[in-house]
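The values are calculated or read from the model by the stated rules, or taken from the named source; none is laboratory data. As the structure is a computational prediction, the values presented were derived from the model and not from experiment. Here Cβ is always computed from backbone atoms with ideal geometry, including for glycine, and neighbour counts include all displayed protein chains. Accessible surface areas use protein heavy atoms only, side chains included; no ligands, DNA or RNA. Shrake-Rupley method; radii C 1.70, N 1.55, O 1.52, S 1.80 Å.
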Amino acid sequence: MRLAEVAALGLWLGCLRRAQGETFSSMLTVRQALATERRLLRHLGGYLEAETHRLKDLQRFYNKVQDLHQGAGGSAANPLLAYTLIKRLQSDWLNVVHSLEASENTQALKNGYTQVEKDLPEFEDLEGAARALMRLQDVYALSVKGLAKGMFQRASGTHLPDIYSPGQLFPLSADDCFLVGKVAYDMADYYHSIAWLEEAVSLFRASYGEWNTEDEGSLEDALDHLAFSYFKAGNVSHALSLSREFLHYDPSNKRIARNVLKYERLLVESPERAMAEVGLQRPNVTHLQTRDLYEELCQTLGSQPSQYQIPALHCSYETNDSPYLLLQPVKRELIRLQPYVALYHDFVSDLEAEKIKALAAPWLQRSVVALEEKQQKAEYRISKSAWLKDTVDPVIVSLDQRIAALTGLNIRPPYAEYLQVVNYGIGGHYEPHFDHATSRKSPLYRMKSGNRLATVMIYLSSVDAGGSTAFIYANLSVPVVKNAALFWWNLHRNGAGNGDTLHAGCPVLAGDKWVANKWIHEHGQEFRRRCGPDPDD
């Protein structure tokens, strides 16, 4: 029966097979991984049930032999007892120790794991998920100790309110914290490794002597990595203290013993090291020159003046003189005049949003960025995306007609790109960037339709926290508003790029963020958005 279940599981997973890796970069594949774990859990349940029956039988054998030793059978004077003793020692114990049932139970569990192995996340996903936690820690100024408890508390000294309170707490284990710290450690990122390994050491100390089958690390492992992290950060005194604690648990470790001697010698040669206050700095991100402003916008949703402060910013019903919108005008919220940013509420319906997500789901692939003439994956863009032509489904045709009516622009290929649907992953984000090309070598010019003139970005889902769109130089950020469309001009009327449109997708703290992008190019718009002499227009 177990073999049949294994075969059925393998067939089911064959139908759901996905590309290996990249699980962390899309919440859709994270949910698929959750379904895979449910299958593993079912196999483990079957294994536990079979093992429970076997252990009950072993308990019966144990009780039978224990009773014999405590009763008259302890003397072995009775030849029948002597016979059964010899039989037990020669045969019964051999069968117990090398139980065929135990082997079959374990093999069935291993077979079930083998069947799903090709669908499991890879080590790259573990690294990506760990880096995502560090990213959320940084951007939203979160306390590592709070995260370990399952809470999203601000770090001390930030004076910011908590951004998210989950309905149910999911605390991290010592091993969970250790692996995050180890990922940072392997990247020589001691700013993050120290914070996470400190928490791992604290949790391992609290449970020392207990053993969890699933753990990869231990107190000794955490102490080892934490000591070296402190050493690399310049705190030799604390590195020495942690190494000595390691030797308390494992006195025979020669490598750590040599480290202790090294640290002691360094402190003798430079006594000031013992009193040194080490101020750890976050790793420098060379491609992100606006980090502080970007993170402030993500944390506080920026500076958004209300209507009574700037009367020009208002809400209205708009038809754009289009017959298509005459009976159902769009609801426009004018958010910014320079750069021009408008939010169109209820631009798509719930049914349209779900349909677009379903159409894109089978085609999602890791999002790439343009670097000169090439496109490649990057740590500063974590998501998966797919491109949908209007021939895929009538809902895309209808959406294109609505975008054309709203903008008054020509969106027929090649004057506009196909609809790009994006699903963000764990801590999914896109750091500050321009939608328009800033170099003539950009792949965007391969369409031979000029630069990206305008952007229409549609929020296909809501999120519990994070994920806002931040315009860096405009000091503005727009939260995720389900079914709304965000519109802005990327170019001035003279064709020059608008530097104020530098924007970012803030990391998703909690939730599943989907957006759809429509990029409209210069060519084909000559009589729809005419050139102007003023570069600020």
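Candidates Thr319, Ala465, Gln281 compared by Cα position along the dipole of the chain: farthest toward the positive end lies Thr319, with charges placed on Cβ.
Once you put a point 7 Å from the Cα of Arg291 and another 7 Å from the Cα of Arg60, both along the Cβ direction, what distance in nm separates them? Reported label-point gap for Arg291 and Arg60 is 6.6 nm. Projecting the Cα atoms of Ala130, Leu179, His225 onto the charge dipole of the range 123-274, computed from C-beta unit charges around the Cα centre, puts His225 farthest toward the positive end. The charge dipole of the range 123-274, taken about its Cα centre with unit charges on the Cβ of Lys, Arg, Asp and Glu (plus for the first two, minus for the last two), comes to roughly 600 debye. Of the DSSP H helices in the chain, those that are both long (alpha-carbon extent of 15 Å or more along the helix axis) and hydrophobic (Kyte-Doolittle mean at least 0.0) are 2-15, 174-186, 190-206, 219-232, 236-249, 394-407.
Candidate cross-link partners of Lys357 among the lysines, defined by an alpha-carbon separation under 28 Å and a same-chain spacing of 8 or more, comprise Lys118, Lys331, Lys374, Lys377, Lys384, Lys389, Lys482, Lys513, Lys518. Karplus-based coupling profile of the range 483-493, in residue order and whole Hz: 6, 8, 10, 9, 10, 8, 8, 8, 10, 5, 5, with θ = phi - 60° in 6.51 cos²θ - 1.76 cosθ + 1.60 and x standing for Gly or Pro.
Report the calculated FRET efficiency for Glu318 and Gln401 (r = Cβ-Cβ distance, R0 = 22 Å), to the nearest 0.05. Taking R0 as 22 Å, the efficiency between Glu318 and Gln401 is 0.90.
The share of accessible area on the chain that comes from carbon and sulfur is 54 percent, using a 1.4 angstrom probe. I'm spelling it out carefully: the read-out is P(r) over Cα pairs in 20 Å bins from 0, in percent, the candidates are (i) 22, 59, 18, 0; (ii) 21, 57, 22, 1; (iii) 17, 40, 28, 11, 3, 0, and one was derived from this structure. Which label? Checked against the structure: label (iii).
Say R0 is 35 Å: what FRET efficiency, to the nearest 0.05, do Met187 and Leu48 get from their beta-carbon distance? E between Met187 and Leu48, to the nearest 0.05, is 0.35. Once the 1.4 Å probe is applied to the protein heavy atoms, the chain comes out at 53 Å² accessible per residue. Straightening the chain between Leu327 and Asp92 buys 76.0 nm, computed as 0.36 nm per residue apart minus the Cα-Cα spacing.
Dividing the summed helix terms, -39500 (n - 2.57) for each DSSP H run of n ≥ 4, by the number of residues in the chain produces a 222 nm estimate of -13500 deg cm²/dmol to the nearest 500. Within the shell defined by Cβ-Cβ distances under 14 Å, the residues around Leu68 carry a net charge of +2, with Lys and Arg each +1 and Asp and Glu each -1.
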